[in-house]
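Working notes, beginning with the structure itself.
The values are calculated or read from the model by the stated rules, or taken from the named source; none is laboratory data. If you're wondering where the values come from, they're calculated on a predicted model, not measured in any experiment. Heads up, the Cβs are rebuilt from the backbone with ideal geometry, glycines too, and the neighbour counts pull from every protein chain shown. Accessible surface areas use protein heavy atoms only, side chains included; no ligands, DNA or RNA. Shrake-Rupley method; radii C 1.70, N 1.55, O 1.52, S 1.80 Å.
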Amino acid sequence: MIYLDYQATTPLAPEARDAMLRWLDGPDGTGFGNPHSPHRMGRQAAAAIELARDRVAALFPAGGKVIFTSGATEALNLAIRGTVGDGTVAFSAIEHSAVGDTAKAAGAHHLLNVDDQGLCDPSQDLPEDTRMIAVMQVNNEIGTVQPTLEWHRRAKQANALFLVDAVQAYGKIEVTGADMIAISAHKFHGPKGVGALWVRDGVDLGEVQTGGGQEHGIRSGTLAPALIAGMGAAAQLAAERAAEDAQHIETLWARARELFSDWTVNGSEEARWHGNLNIRREGLDVARLMSDCRMIMFSAGSACASGSGRPSHVLKAIGLSDKQAKSSIRLGFGRYTTMDQIEAAAQAINAAAKEQL
């Protein structure tokens, strides 16, 4: 099998796996302690969590704290629901549903438009009562990199909080400044089931999930040392390999663009994370294509919405028709993708598409 679905999840780094094993049971069977217990095993587990917290924090801006969560969905819910005050949450039309659905459920909301390149213009109008602006750094479906620096300035001018979904950015490019930033470990070669919300110092955030108040008195629940240790190891590895990984992605992108030169790219090619190639062919039956290429793991949209039968809201937001959106595929590649895999996948996908058209 050839795996080309890095936006859905990434392969677990061997270094992250090794870090996790110590805190499942450990070589001497003492690694399973509750990190909130006062005895030696508990203190050891707590120390592993704090080491991981430092490693995760190293890829965030200075002047904030890391709150561990079960993933980015919980982190975004905490950010939107846990901030006080009445007002409108403004979010871009291509946000993940963890932002869009949560903002709608939380109260007044406003949709920010994107252009046909998938970019959200910071000069557009905002409601006067905007309390929060949410614009993701890198889109999960088309990979466009948003002007978050300008949006951060706009939020300050509007006296609003700025929330960034950095799930697809963290560990790949420098994370933008914001008031709150959400990430998920399995998007940068860590384990599933763990993520974090970075909160700038001075931001007033209340509890959403009540109980023991284990995380800074804000997020309750027993922490998972193994998952968090794996996340910390993945973050450290991403920092160490940043230049190498970036060069590898650019090499793969250049070759993929050659191999799929007669496909149309969805979204900007320049303001884009080049590990995401979202492309379309007019008249393509994507379901049939995926069946014909079943040994290649790629996507017809975001994994969260797959199977719904609805066209991608992201592709619709950049002006594609239902037909065009449903003739699009997403190829995601990264650290462990080889050139041979890209070339073999392109040969199979192009051949299958040619049979249809």
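With θ taken as phi - 60° and the Karplus curve 6.51 cos²θ - 1.76 cosθ + 1.60 applied, the whole-hertz 3J(HN,Hα) list for region 230-236 is x, 5, x, 5, 5, 5, 4 Hz, x standing for glycine and proline.
Rounded to the nearest 10 square angstrom, Phe60 shows an accessible area of 20 square angstrom against a 1.4 Å probe. Within the accessible area of region 1-76, the carbon and sulfur atoms contribute 59%, probe 1.4 Å, all protein chains present.
Taking the alpha carbon gyration tensor of region 57-216, multiplying each eigenvalue by 5 and rooting it gives semi-axes of 22, 19, 14 Å, largest first. Using R₀ = 45 Å, calculate the FRET efficiency as 1/(1 + (r/R₀)^6) where r is the Cβ-Cβ separation of Thr222 and Gln356; round to 0.05. Calculated transfer efficiency: 0.30. Going by the alpha-carbon gyration tensor, a ≥ b ≥ c the square roots of its eigenvalues, is the chain rounded (a/c under 1.5) or, if a/c is not under 1.5, prolate (a/b greater than b/c) versus oblate? Here the chain falls in the oblate category. Measuring nothing but protein heavy atoms, the accessible surface of region 155-240 at 1.4 Å probe radius is 44 percent carbon and sulfur.
What is the antiparallel percent of DSSP beta bridges lying wholly in the chain, to the nearest 5? The answer is about 55 percent antiparallel. Accessible surface computed residue by residue for the chain, with neighbouring protein chains in place and a 1.4 Å probe, gives 43 Å² per residue. Inter-label distance, His39 to Leu24: 2.3 nm, where each label sits 7 Å from its Cα along the C-beta direction. Accessible area of Thr10 (1.4 Å probe, protein heavy atoms only, ligands and nucleic acids ignored): about 10 Å².
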